[in-house]
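Heads up: the structure comes next, in structure tokens.
Every number in this text was worked out from the coordinates using simple rules, so none of it is lab data. This is a predicted model, so every value here is computed, not measured. Cβ atoms come from the backbone with ideal geometry, glycine included; neighbour counts cover every protein chain shown.
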Amino acid sequence: MNKKPIGILGGTFDPIHYGHLRLAEEMLELAGLQQIRFIPTGNPPHRDTPQVPAKHRSQMVQLAIADQPAFVLDEREVKRTAKCYTIHTLQELRAELGKDQPLCLLMGGDAFLQLHTWHEWEKILGLAHIVVGFRPGFTLEERIHSATPALQQHYQQRLCDVNYLSQHAFGGIAELAIPKLEISATLIRARVAENRTIRYLLPAVVANYIYQHNLYTPC
Ligand code: ATP
């Protein structure tokens, strides 16, 4: 089998910024993905409720990815009323896309090292590959000792190269060296609240949307 994988990038996107977009663009290229689905989370199980409603976070993702045809907004989690977990989203995608379609769950290194806190995380590799973006010269191999023994074992058993991702539908953990931009949604929310500039941290269309809808300003 050799089929271009579909990437899945979940996040609160509160708001989406260039850190997310560069991560996705680099992974699209380095992992040879055919598409990346951006899936804003509705009701995140293991973090504080996002500051703005899902409809705004979704709309900002749509605006940010409009000029990249390989990026697609997938609103299934924001439409779900029940608590949503990544494992359920992957089960749905696997059922829709068939057993042979390679799926890659994309994440930053920080997110990967917390994977053991995710609901039914050990089942994820039975549905998708995991592709982790790590800073060049700062590898996952060096950081993995800080993970739980179970996660370390998964990492050691499943580590693969990028070719594996298109040859198998699920089950590999690949690590890609991706320069990390020092941008976070937390930083952007804080700057808006303090009336400081957010220019060049995120697409101008998203910044305009934030100002038009008075998002992240103290009530
Ligand atoms: P917050 O600051 O609110 O915690 P965030 O900016 O970290 O948010 P998330 O929506 O939590 O954004 O992140 C979604 C995914 O994007 C995660 O896998 C995370 O590791 C990755 N990510 C976030 N910011 C960056 C960045 N600057 N560079 C690379 N990856 C990033």
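Proximity of backbone amide H atoms, modeled 1.01 Å from N, is registered between GLU175 and VAL132, CYS160 at under 5 Å, excluding neighbours fewer than 5 places apart on the same chain. In the elastic network of the chain, a GNM with C-alpha springs shorter than 10 Å, the most mobile of GLU96, GLU175, GLU26 is GLU96. Pairwise Cα distances in the chain exceed 23 Å in 46 percent of cases. The magnitude of the dipole of the chain, with charges of +1 and -1 set on the Cβ of Lys/Arg and Asp/Glu and taken from the Cα centre, is near 440 debye.
Shown for SER58, SER146: other C-beta atoms within 10 Å of each C-beta, ranked fewest to most, produce the order SER146, SER58. Scalar couplings 3J(HN,Hα) for the stretch 3-9, obtained by applying the Karplus form with A = 6.51, B = -1.76, C = 1.60 to θ = phi - 60°, are 9, 4, x, 9, x, 10, 10 Hz; x denotes Gly and Pro. Here the 3J(HN,Hα) profile of the stretch 79-90, calculated from phi with Karplus coefficients 6.51, -1.76 and 1.60 at θ = phi - 60°, is 8, 6, 8, 6, 4, 10, 10, 4, 4, 5, 4, 5 Hz, Gly and Pro shown as x.
Going by amide H atoms built from the backbone, whose H comes under 5 Å of the H on THR12, apart from near neighbours? Under 5 Å from the amide H of THR12: THR41. Each of ASP100, ASP74 has some number of other Cβ atoms within 10 Å of its Cβ, and from fewest to most they run ASP100, ASP74.
Taking the fewest neighbouring Cβ atoms within 10 Å as the starting point, the ordered list for MET107, MET60 is MET107, MET60.
The phi-based Karplus calculation (6.51 cos²θ - 1.76 cosθ + 1.60; θ = phi - 60°) puts the 3J(HN,Hα) values of the stretch 93-99 at 5, 4, 5, 6, 9, x, 6 Hz, whole numbers, x for Gly and Pro.
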